[in-house]
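Working notes, beginning with the structure itself.
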Amino acid sequence: MGSILVSGGTGFIGSHTCAVLLNEGYSLIAADNFSNSSPKVLDALRRLTGRDFRFYEADVTNAGCVEKIFAENDIDGVIHFAAHKAVGESVANPLKYYSNNINASIVLARACCEHGVRKFVFSSSATVYGFGNPPFAEDMPPVFAANPYGMTKVICERILTDTANANKDFSVILLRYFNPVGAHESGMIGEMPGGVPNNLMPYITQVAKGKLKELRIFGDDYDTPDGTCIRDYIHVMDLAEGHTAALKNAPEGVSVYNLGTGRGTSVLELVRAFEAANGIKIPYTIVGRRAGDIAVSYASADKAQKFLGWKAKRTINDMCRDAWNFEKNYGE
Ligand code: UD1
């Protein structure tokens, strides 16, 4: 199985991936600086899986901290999640995003090359497809993304690709996530956005809880059947399982896979699905479009199925039920 270093291990996707790694028998070394997550996740992961793991409170842009982690552990692979991810903040403070997200990838990739760590899984995003026409397939070239957050994904993909091309013992797997939502079925870990959420599902769950008054739907005049935007929502546990499939099955060298379901759901459909799954009414108003939103985004999901043997299994109903189960019990 081997030991895997997970950067950003207490974040939303990171924590669910740690749970899957532990359940599948990997030995885990997790690192996080808690810039957008809580130390409580560590205990929840231990209780949830009944397994222990090593944890470093560390900023992975700090080469000294990263060197210590690599010197103290025999690492077989790295899954690199640690990054800033708020699109609006990245527009307001681009240097924060370029410096943090790009440096973290460089520092970790360099440590891998120096310590003979052969596998690097990178947390990329469907945002690299920009305003193209879905279904988005992996052979579509990454574009100049619409915002600094998206550009950090494009640039990191390139840096890691160049590094793997120059080092035959270093393989890179780029995973482009669509819209991860939901939570672990136990309700013990989930999404914990700080402040008012930017993303749709955590906004809905906070309206359901009464923390926010109503959902604002950004535009109902798009060229879609109900006028609201369409996205490829994927259960975070399916996404997490995509990472172990990638560790096991991706070929050497550079490879890239979408992690999505291949199905689109509109904002209104998601609201209705949430109401039906949980028996809670979500009040909403329609407001103007949000700058930078694309009308329709969904994955071509064939490549991951063919080469990784992985396919998303959970339904929109599962996503709505589990997102609410977490918010209801544990959301702060
Ligand atoms: C967003 C980011 C994307 C990033 C991803 C991370 C933008 C433009 N894109 O994706 O780069 O990788 O998050 O998870 O920010 N919506 C509402 N009301 C709300 C919130 C959202 O109507 O309060 C709508 C949006 O207009 C969109 C859909 O819900 O149509 C999904 O939005 P969101 O969850 O923010 O995801 P993306 O915009 O797809």
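The values are calculated or read from the model by the stated rules, or taken from the named source; none is laboratory data. Bear in mind that the values here come from a model prediction, so they are computed numbers and not experimental data. Every residue, glycine as well, gets a Cβ built from its backbone with ideal geometry; the counts of neighbours run over all protein chains shown. All accessible areas refer to the heavy atoms of the entire protein, side chains included, with ligands and DNA or RNA removed. Shrake-Rupley method; radii C 1.70, N 1.55, O 1.52, S 1.80 Å.
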Tell me, what is the per residue accessible area of the chain in Å², probe radius 1.4 Å? 42 Å²
Need one value: the accessible area of T315 in square angstrom, 1.4 angstrom probe, rounded to the nearest 10. 70 Å²
How high is the relative contact order of the range 79-206, given as a whole-number percent (alpha carbon pairs under 8 Å, six or more residues apart)? 28 percent
For the range 260-276, what does the Karplus curve 6.51 cos²θ - 1.76 cosθ + 1.60, with θ = phi - 60°, yield as ³J(HN,Hα) per residue in whole Hz, taken in order and with x for Gly and Pro? x, 9, x, 10, x, 9, 7, 4, 5, 5, 5, 4, 5, 5, 5, 4, 5
Counting only protein chains, not ligands or nucleic acids, how are D43, D322 ordered by accessible area (probe 1.4 Å), most first? D43, D322
For the chain, the percent of accessible surface on carbon and sulfur atoms (probe 1.4 angstrom, ligands and nucleic acids excluded) is 51 percent
Restricting to Cα pairs below 8 Å that are 6+ residues apart, what does the relative contact order work out to for the chain? Please round to a whole percent. 19 percent
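Placing +1 at every Lys and Arg Cβ and -1 at every Asp and Glu Cβ, with all other atoms neutral, what dipole size does the chain have around its Cα centre, in debye to the nearest 20?
Working: 33 positive and 36 negative charges, 69 e Å.
With Lys and Arg at +1 and Asp and Glu at -1, about 320 debye.
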Taking a ≥ b ≥ c as the square roots of the eigenvalues of the Cα gyration tensor of the range 1-117, is the shape rounded (a/c under 1.5), prolate (a/b larger than b/c) or oblate? oblate
Under the Karplus relation 6.51 cos²θ - 1.76 cosθ + 1.60, θ = phi - 60°, what is the ordered set of whole-Hz ³J(HN,Hα) values for the range 60-73, x standing for Gly and Pro? 6, 7, 8, 4, x, 4, 5, 4, 4, 4, 5, 6, 8, 9
Could you list which residues have their amide H under 5 Å from that of I286, counting only those 5 or more apart in sequence or on another chain, with H placed in the peptide plane? I217
For H84, the accessible surface traced by a 1.4 Å probe with all protein chains present amounts, in square angstrom to the nearest 10, to 40 Å²
Let me have the 222 nm mean residue ellipticity of the chain computed from DSSP H runs of 4+ only, each contributing -39500 (n - 2.57), with the sum over all residues rounded to the nearest 500. -11500 deg cm²/dmol
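When the solvent-accessible surface of protein heavy atoms is calculated with a 1.4 angstrom probe, in what order do L48, L108, L95 fall, highest first?
In descending accessible area the options line up as L95, L48, L108.
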Once ligands and nucleic acids are excluded and a 1.4 Å probe is used, how much of I75 is accessible, expressed in Å² to the nearest 10? 10 Å²
Accessible area in the full protein assembly, largest first, 1.4 Å probe, for R290, R272: R272, R290
What does the charge add up to near S123, with Lys and Arg as +1, Asp and Glu as -1, over the other residues with Cβ less than 11 Å from its Cβ? +2
When only Cα pairs under 8 Å and 6 or more residues apart are kept, what is the percent relative contact order across the range 1-155? 22 percent
Taking a ≥ b ≥ c as the square roots of the eigenvalues of the Cα gyration tensor, with a/c under 1.5 meaning rounded and otherwise prolate when a/b exceeds b/c and oblate if not, the chain is prolate
For the range 96-166, just say rounded, prolate or oblate: build the C-alpha gyration tensor, square-root its eigenvalues into a ≥ b ≥ c, call rounded for a/c under 1.5, and beyond that prolate if a/b exceeds b/c, oblate if not. oblate
Collect residues whose amide H, placed 1.01 Å from N in the peptide plane, falls under 5 Å from the amide H of S125; neighbours closer than 5 in sequence don't count. Y177
Ranked output for segments 117-126, 204-213, 23-32 by mean other Cβ atoms within 10 Å, highest leading, reads 117-126, 23-32, 204-213
Just G64, G219, G77 to compare: in a GNM of the chain, with alpha carbon springs under 10 Å, which one fluctuates most? G64
Check: the range 183-280 dipole with +1 on Lys, Arg Cβ and -1 on Asp, Glu Cβ, in debye: 340 debye
In terms of the charge dipole of the chain, which places +1 on Lys and Arg and -1 on Asp and Glu at the beta carbon, the residue among G227, I4, N325 farthest towards the positive end is N325
Explain nothing, just compute: Karplus ³J(HN,Hα) = 6.51 cos²θ - 1.76 cosθ + 1.60, θ = phi - 60°, for every residue of the range 277-288 in order, whole Hz, x for Gly and Pro. 5, 10, x, 10, 7, 10, x, 8, 10, 8, 10, x
Amide H neighbours of K119 under 5 Å, counting only residues 5+ apart in sequence or on other chains, H built in-plane at 1.01 Å? V78, S171
